[in-house]
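Below is one structure, written out as structure tokens; comments come after it.
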Amino acid sequence: MKNYFVPLFLFVSITSYSQNLSFEAKGIIAISDADMAASAFADGKLYKEKGAKDAFTTFKLPLQKSYDDSKSVIVSNSSANHTKAMVVSNTHHLAYVVDTRGMVADNVSELKNLSEDLPAGGFITVIDIANIAHPKVLYKFPTGKNPIGIDISPKGEYLVLCTEEEGKELQVLELDPTGKPIRIIHRPQNLPAGKISDVSWHPNDNYIAFTFEETKEIGLLKTTRDGPTNKIIRLELQGKPIKIGTSPGSGQFTSDGKFYIVSDLKRNEEGADGEIFVIRFSLDGSSEHFPLSRIKVGQNPEGFAISPDGRLIAVANIKKTYLPWENTGLNNKASLSLLKLTPDGSLNSLGEYEFEGILPKSLSFDQSGKNLAVSVYDYFNYGKHFGGIEFWKVTQGDNPGLQKQEIKLFLPRGCHSIRIIK
């Protein structure tokens, strides 16, 4: 295992010597799926590197000119979900990583059907990141079959997750002060049956947004709490779910809770540009939920990030960078779309920015909102393959834009989810 990670440390050292990173955070954490090349999503050919293992990697910031900027530990994870494969506790001392699918054996080279043939997943791994320079795997606990997404409540008291197992499509887990689950609150009885593919906690701690995959609907759950303890005792469906697009992906609330942003990947519409929707939920139940606005972005906009002040949305457009390299439809460049979110919920496009990289799925603004980090699954390089994290400066003014920073951090191939440590 040691030899596998030597190139990671080497490349991080080279980039930190040659460039200064502009990014306001105490650290960055990333997970990498070592089981398959990005093109496996199209043809099932894994091209797994012998001995490669799924990795959880930390970067301590600011970067120093040494080999100690980055540390990795083996943590099972999978890119076969949207972008919510990992969350961080509100105290930033624990990370929870979802094992959507299990690790693939080295002797398996091809799968006929990824959704059916990938090993089943079924647990969450908890990692101690109190010392970002020395992550420690603490324990793991079971969920349900193939957990797809996860989110954590604003106060860090609950996890919400969705799985593919019948009866466990949506669960809320109460956590003790050490971060261990101690109680399960199940989905409401009146919630229609169906696969739930995404969950998001509202900033006020009392609501959870969710996505029905088959019906393409977005809905809202309200938490009912016990008076003396303020503990959640049950979940209730709030209002009627609304249909959004043709293949809704990941969703996220703005920091003030006014709007819910969700991507539409248009997966079954060949060549179609994706869209970003803005939804206003009726929290008090006095009216119906309804979409306020929508805007076209690039193809396959799986991941996006909202700036801390809520004014900007950065979207990662995967395009067709994941296709096999010999495929004539392959894009060798992905792109970022920068959008402006107005106080009334309208969206305006501020530009699209191309860059070289395969399957960018996860983004994060830094604490200042002046810099942006983007995950890259792989690069169009022959020989040794790496994933990475790329950085952009957000230019200020009346018409904000993006300017690429030269520095990049290299990771094991398969980087698909990143989070910042404040």
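Quick note: the coordinates plus some simple rules give every number you see, no bench work behind them. As the structure is a prediction and not an experimental result, all values here were calculated from the model. A quick note on method: Cβ atoms are made from the backbone with ideal geometry, for glycine too, and the neighbour counts reach across all protein chains shown.
Here are the numbers for the structure shown:
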{"quantity": "Two-decimal log10 I(q)/I(0) for the chain, as the Debye equation yields it once each C-alpha is a single scatterer, q = 0.07, 0.13, 0.14 Å⁻¹", "calculated": "-0.30, -1.15, -1.36"}
{"quantity": "Environment charge of N107, counting only residues whose C-beta is closer than 12 Å and scoring Lys/Arg +1, Asp/Glu -1", "calculated": "0"}
{"quantity": "Net charge, T395 excluded, C-beta distance under 14 Å - Lys, Arg +1, Asp, Glu -1", "calculated": "+4"}
{"quantity": "Cβ-defined net charge surrounding T125, 9 Å radius [Lys, Arg +1; Asp, Glu -1]", "calculated": "0"}
{"quantity": "Computed lengthening from T215 to D106, 0.36 nm per intervening residue step minus Cα-Cα distance", "calculated": "35.5 nm"}
{"quantity": "Set of aspartates and glutamates with alpha-carbon distance to K48 below 12 Å, sequence-local pairs under 8 removed", "calculated": "D33, D35, D106, E110"}
{"quantity": "Coil-residue trypsin sites (Lys or Arg not before Pro) of segment 358-401, DSSP, other Cβ within 10 Å capped at 12", "calculated": "K384"}
{"quantity": "Cβ-derived FRET efficiency at R0 22 Å, Y47 paired with L114, nearest 0.05", "calculated": "0.95"}
{"quantity": "Cβ-derived FRET efficiency at R0 45 Å, D398 paired with K145, nearest 0.05", "calculated": "0.35"}
{"quantity": "Filter on K53/K243; K361/K384; K112/K422; K84/K340; K145/K393 - keep pairs with C-alpha separation over 30 Å", "calculated": "K53/K243; K112/K422; K145/K393"}
